[in-house]
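**Student:** Below: one structure in structure tokens.
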Amino acid sequence: QVQLVESGGGLVQPGGSLRLSCVASGSIFSFYAMGWYRQAPGKQRDLVANIISGGSTNYVDSVKGRFTISRDNAKNTVYLQMNSLKPADTAVYYCNARDPRGSYWGQGTQVTVSS
């Protein structure tokens, strides 16, 4: 079993910053992709950013230039640095990791951007 635990969410004012972390533990193979998804109330869960094993990254257009995804393989951890946050970024953020056996999800962490 693989467990993913997110942290770093919270309440922040528009224009502020947060850094999300996701630590993987358990029966870990080499993840070929790790990423962050988000789900706002009444909406589907969508990809925010991911990082592939070779280091390439992908971002949804709405966060380009504001969010940065990074990965520390030695710590089995993926980060999401979120700057210039907007109310539209409010959602539950989920960590995802994929290996040859399947896809794994964390429990989610709430991010609320409000004045």
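The values are calculated or read from the model by the stated rules, or taken from the named source; none is laboratory data. Since the model is a prediction, treat every value here as computed from it, not as a measurement. Note that each Cβ is placed from the backbone with ideal geometry, even for glycine, and that neighbours are counted across all protein chains shown. Calculation scope for accessible area: heavy atoms of the full protein, side chains included, ligands and nucleic acids excluded. Shrake-Rupley method; radii C 1.70, N 1.55, O 1.52, S 1.80 Å.
**Student:** Can you compute the modelled spin-label distance between GLN13 and ALA74, with each label point 7 Å from Cα toward Cβ, in nm?
**Tutor:** Once both label points are built, they end up 3.8 nm from each other.
**Student:** What ³J(HN,Hα) values, in whole Hz, does the Karplus curve 6.51 cos²θ - 1.76 cosθ + 1.60 give for segment 55-62 when θ = phi - 60°, with x put for Gly and Pro?
**Tutor:** x, 6, 10, 9, 10, 5, 4, 5
**Student:** Leaving out ligands, DNA and RNA, what percent of the accessible area of segment 1-95 is carbon and sulfur, probe 1.4 Å?
**Tutor:** Working: 2440 of 4910 Å².
Answer for segment 1-95: carbon and sulfur cover 50 percent of the accessible area.
**Student:** Also, I was wondering about something else. Under the 0.36 nm per residue contour assumption, what length would be gained going from the current alpha-carbon distance of SER115 and SER84 to full extension?
**Tutor:** Details: separation 31, 0.36 × 31 = 11.16 nm, distance 1.34 nm.
Using 0.36 nm per residue and subtracting the Cα-Cα distance, I get 9.8 nm.
**Student:** Could I ask something else about it? Taking the solvent-accessible surface of protein heavy atoms with a 1.4 Å probe, what is the per residue accessible area of the chain in Å²?
**Tutor:** Values: 5950 Å² over 115 residues.
About 52 Å² of surface per residue is accessible.
**Student:** Among the lysines, which fall within straight-line cross-link reach of LYS64, defined as a Cα-Cα distance under 24 Å, with same-chain neighbours fewer than 8 residues apart omitted?
**Tutor:** Partners found: LYS43, LYS86.
**Student:** Kirkwood Rh and Cα-based Rg: tell me the resulting Rg over Rh for the chain, rounded to two decimals.
**Tutor:** Working: Rg = 13.5 Å, Rh = 14.1 Å.
Here the Rg-to-Rh quotient is 0.96.
**Student:** Quote the relative contact order of the chain in percent (integer), defining contacts as alpha-carbon pairs under 8 Å separated by 6+ residues. Don't skip to the answer; put the middle values down first.
**Tutor:** On the way: 280 pairs, mean separation 42.9, N = 115.
About 37 percent, as a whole number.
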